[in-house]
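One structure is given below, encoded as structure tokens.
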Amino acid sequence: MRPRTVEEIVGQQEVLKSGSPLHRLLTGQTRGAQSVLLWGPPGTGKTSITNVLATTNGRRLAQLSAISSGVKEVREVIEKAKADSDLYDLETVLFLDEIHRFSKAQQDSLLPSVEAGWVTLVAATTENPSFSVIAPLISRSLVVRLQSLTDSDLKTLVSRAIQDERGFAGLISIDDAALAELVRTSQGDARRALTFLEALAFAAWQRSEKTSTAEIGLDDFQTALSAAPIRYDKDGDNHYDVISAFIKSVRGSDADAAIYWLARMIEGGEDPRFIARRLMILAAEDIGLADPQALVLATAVAQAVALIGMPEGRIPLSEATIYLSLAPKSNSAYNAINEAIADVRAGLVVPVPEPLRSSNYAGAENYGNGIGYVYPHDEAAGVVRQDYLDPKVRSKSYYVPKRFGAEADSISLWERLRQIIRGK
């Protein structure tokens, strides 16, 4: 069922629309070695697009996988490509799958051939090229981001596989409920949809005692398929995207959304200790002083997960996720330290006032250390007017309380303390 022409490629309407750089390349309107980086989830058409490109205007296709190939294999392809170009004026398309698995040095070895136009490099990756592909290679290539197929795309794909002579040639059918379930379990992955369809077809034939035609129904899913695996790459984009969605859902106080993304991470095999660490950071960064107990709870959950492990660890992780989602939010502590660090990095480095300097060594008083320091505990109020900062920094206000939760109670307290300490 591999597409033979641009018109047969299902999905990716945006990047394949008429006049787009990729469409012009695939239809032969662009001659010469225009290298392409195809970035997208599994089953979105990276290999199919490459095959169409290779068959356009008689190009030769050479395929390598970064998992099993190295510089030696790449050089062999390039040498043959140079010979074919010189002797037969034949362009070579080098399809390099999983390019993100190539080291920087291995990727560097591709540059001369790409620069000279000896091969048209089509590199496929499921990871963001900005993080996994060297900048010189990106700058010499057309970067195309492919999206997961829509439900409509998958229905078209399945319908074609059922009717086409390269597929089942009308020997099977599928009812609407089973089609909807197949689309749902395929998760936007064309390859998965076709693999599942084949398994379901054989189950349907088996159930109908191997007659010439059969209809796939929901019952065939139990026979042919176990639970659909969750697409989740713990080291790739999916890892960062899902944890980002999780954090933003908690920050946005949507407990349902946060629990869903937590479930995605758990089912995807994410390290529960990583999730627990993120919850502790969330408690300090986004809730902070609005509910100081949030960090206490998050820390206790991290310890509980480390002690009890999974799958039971999912329960305290869920508890913390819901608690943090519902808690009042304040990033005042986060803002305060960031602004202070920014001032220090900008060069606002002032000396420690003499009364605050250490006086715990012989002769310290000769340098003025500690002289004039007022011990707050000796005063009835426990707070005294005293300069804790150099005048250059004294006017700064790093801590700005938020008017939410427990922190709201500290606003008037902080104003009174500043009045006593700084006289303003």
Requested in this report: Could you tell me how many degrees, from 0 to 90 and to the nearest 10, lie between the Cα long axis of helix 190-207 and the main elongation axis, the longest principal axis, of the Cα atoms of the chain?
Outcome: 60
**Report entry** Residue exposure sequence - M1, M265 - by fewest surrounding Cβ within 10 Å
**Finding:** M1, M265
Query raised in the report: What is the Å³ per residue value for the convex hull set by the Cα atoms of the stretch 234-290?
Result: 67
Query - Size of the stretch 281-384 as Cα extents on the principal axes (Å, biggest first) - result: 64, 32, 29
Requested in this report: Between beta-carbons, use under 14 Å as the cut-off and find the net charge around D409, counting Lys and Arg +1, Asp and Glu -1.
Outcome: 0
Requested in this report: Would you kindly state how much longer the chain becomes between T213 and R357 on full extension, computed as 0.36 nm times their sequence separation minus their alpha carbon distance, in nm to one decimal?
Outcome: 42.9 nm
Query - log₁₀ of I(q)/I(0) at q = 0.16 Å⁻¹ - the stretch 92-196, Debye sum with one point per alpha carbon - result: -0.78
**Report entry** Using alpha-carbon coordinates, inclination of helix 71-88 to the longest axis of the chain, degrees
**Finding:** 50
**Report entry** Rg to Rh, two decimals, where the stretch 151-224 supplies the alpha carbon set and Rh follows Kirkwood
**Finding:** 0.93
Query - Computed label-point distance, nm, for sites E415 and A263 using a 7 Å Cα→Cβ extension - result: 4.6
Query - Where labels lie 7 Å past Cα in the beta-carbon direction, separation of A169 and N338 in nm - result: 6.4
Report task. Taking only the C-alpha atoms, wrap a convex hull around the stretch 6-145 and report its volume per residue in Å³ as a whole number. Result -> 96
Query raised in the report: Dimensions of the stretch 345-422 along principal axes (Cα, Å, largest first)?
Result: 49, 39, 17
**Report entry** Environment charge of V301, counting only residues whose C-beta is closer than 13 Å and scoring Lys/Arg +1, Asp/Glu -1
**Finding:** +2
Query raised in the report: Hey, which of these cross-link pairs are over 29 Å Cα-Cα: K46/K248; K329/K396; K104/K248; K17/K72; K248/K402?
Result: K46/K248; K104/K248; K17/K72
Query raised in the report: Between L389 and V296, 0.36 nm times their residue separation minus their Cα-Cα distance comes to what?
Result: 30.4 nm
**Report entry** 20 Å-binned pair-distance histogram of the chain (Cα, whole percent)
**Finding:** 19, 35, 29, 13, 3, 0
Report summary line: Once normalised by the length of the chain, the mean sequence separation of its alpha carbon contacts under 8 Å that are 6 or more apart gives a contact order in percent of 11
Query - Angle in degrees between helix 293-308 and the longest Cα principal axis of the chain, rounded to the nearest 10 - result: 50
Report task. With N set to the residue count of the stretch 265-307, report its C-alpha Rg divided by 2.2 N^0.38 Å to two decimal places. Result -> 1.19
Query raised in the report: Label F274 and T185 with points 7 Å out from Cα along Cα→Cβ: what is the distance between them in nm?
Result: 2.7
Report task. First select every other residue whose beta carbon is under 12 angstrom from the beta carbon of H23; then total the charges, Lys and Arg +1, Asp and Glu -1. Result -> 0
Query raised in the report: So what are the three principal axis dimensions of the stretch 322-383 from its Cα atoms, in whole Å, longest to shortest?
Result: 56, 38, 18
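Based on the mean of other beta carbon atoms within 10 Å per residue, what is the order of 313-319, 68-74, most packed first?
Working: 313-319: 18.3, 68-74: 14.6.
Going from most to least packed, we get 313-319, 68-74.
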**Report entry** For a label point 7 Å along the Cα-to-beta-carbon line of A105, residues of the stretch 61-85 with backbone N under 11 Å
**Finding:** 71
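Quick note: the coordinates plus some simple rules give every number you see, no bench work behind them. In this text the structure is predicted, and so the values were computed from the model without any measurement. No Cβ is skipped: glycine too gets one built from the backbone with ideal geometry, and neighbour counts run over all protein chains shown.
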